[in-house]
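Nothing in this text is a laboratory measurement; each read-out follows from the coordinates by a stated rule. Nothing here was measured: the structure is a model prediction, and the numbers come from that model. Please note: Cβ atoms are built from the backbone with ideal geometry, for glycine as well, and neighbour counts cover all protein chains shown.
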Ligand SMILES: Cc1cc2nc3c(=O)[nH]c(=O)nc-3n(C[C@H](O)[C@H](O)[C@H](O)COP(=O)(O)O)c2cc1C
C-alpha cells in the first residue's frame, strides 16, 4: 500500500495554500514531496530584510499557508498529521505533513475551505453595522482551536489606547528609508504575480485617521472625513514567541480570517505595532496578557474585497527531477 501523499495531492493542496496572506504579498513559501510527506519551507529569496528582519512575518505567512494545506487535505478526505519544524539541521523546513487515517471532512472544515478563495484583505472603510456577539465568540473560538488567544478591543478607550500605540509604531517605521523603499518596491501599478496592487491597497490615509494604514498607493479620499465609524479591532496572540509559536500563530490567523469570511465579514491586517518591539510590548501590557501579540486585525461588514495575484503552483514547487 502507498503510505505517502502523491504529486497530484500535493499540487491540489498547494493551489489552496498559496491563497494565504503574506507581508506585502511576498509569498515566502516553497513546497515539496519528500519520502511521501508534504514539506513546507520558508523561501529565503523572498525575505523582506527591512520590514521583517527577524523572519517573523515570513513564518506567520507560512503558518497561514499551512492551515490552508491542512484544510485542503482534510476536505479531500486525506487529513494530515503535522510536525512543525521537524528537522533541527534544516531550520528552513517549517512543517512536514504525512497522511493520517482517511475520513470524511467535517461540515466546519468544508465551510472554512470554501472561504479560502473568498478571503481577501479588505482595507476599505467598513459599514457601521456591529459584528454580532455570536460571531465574535466564533472568532475567539477559531483562535483557541489553534492554541492562540484573540483579544477583542471593546469600547472607545480600548480602541483609542491601541490606536496611539499603532500610530507611534507606524511613525517609527516610516522614519526608516529602507522600510519605505521596500514598501514602495512591493506596490504594483502593472500586473504582477506578487506584491500589492495599488487598487487593493485601500484608500489613502488622512491625518485625522484613528488607525495607521500602510501606504500601498491607494486612491485618495475626500479630505477631513472620518475613515469609518467604529471598527472591531482584535489582537491575536500566542503563548510564546519562538519560531514554532509564530507558525502556530499563522495557522490561528488563517483560521480566524476564514471564520470571518465564512460569517460574511471583511478583514484587514495591521502589523506595524507587532513589527516595532517597543510597541509590541506596550500592546501586550495594555492587554494585560501573557504571551505575545502576533497580529492585529480590523474586522467588519463592507463591500467585498478583491483578490490579489499569486504565483502559480509550478513556481512554488520543488519536485524531484525525473530522469529522461
Ligand atoms: C505577517 C503579515 C503582516 C501583514 N501586515 C499588513 C499591514 O500592516 N497592513 C496591511 O494592509 N496588510 C497587511 N498584511 C496583509 C498583506 O498585505 C496581504 O495578505 C497581501 O497583500 C495579500 O493580499 P490578500 O490578503 O488580499 O490575499 C499582512 C499580512 C501578513 C501575513
Task: Over the range 211-309: Kirkwood hydrodynamic radius from C-alpha pairwise inverse distances, Å - done: 15.2 Å
TODO: Rank by packing, highest mean first: peptides 36-45, 252-261, 155-164, 115-124, with packing defined as the count of other Cβ atoms within 10 Å averaged across residues.
DONE: 252-261, 115-124, 36-45, 155-164
- [ ] Could you give the C-alpha radius of gyration of the range 197-257 expressed as a fraction of 2.2 N^0.38 Å, taking N as the number of residues it contains?
- [x] 1.50
Task: Label-to-label distance, nm, for residues given as residue 129 and residue 180 (7 Å Cα→Cβ offset) - done: 4.0 nm
TODO: Round to the nearest 10 and give me the degree value, 0 to 90, for the angle of helix 243-262's Cα axis relative to the longest principal axis of the chain.
DONE: 70 degrees
- [ ] Can you tell me the equivalent ellipsoid semi-axes for the range 1-124? Use √(5λ) from the Cα gyration tensor, largest first, whole Å.
- [x] 24, 20, 10
TODO: Rounded to the nearest 10 degrees, what's the angle between the helix 156-174 long axis and the longest principal axis of the chain, both from Cα atoms, 0 to 90?
DONE: 70 degrees
Open item on the list: I need the calculated FRET efficiency for the pair residue 137 and residue 108, taking r as the beta carbon distance and R₀ as 22 Å, to the nearest 0.05.
Closed with: 0.90
TODO: Measure nothing but the geometry: give the 0 to 90° angle between the long axis through the Cα atoms of 56-75 and the longest principal axis through the Cα atoms of the chain, rounded to 10°.
DONE: 50 degrees
TODO: Quick one: work out Rg over Rh on the C-alpha atoms of the range 158-227, Rh as Kirkwood radius.
DONE: 1.00
Open item on the list: If you average the alpha carbon positions of the range 191-264 and of the range 1-79, how far apart do those two centres end up, in angstrom?
Closed with: 21 Å
Open item on the list: Step by step: find N for the chain, compute 2.2 N^0.38 Å, then divide the Cα radius of gyration by it. What's the final number?
Closed with: 0.97
Open item on the list: On a full-extension model of 0.36 nm per residue, what is the gain between residue 311 and residue 222, subtracting their alpha-carbon distance, rounded to one decimal in nm?
Closed with: 28.5 nm
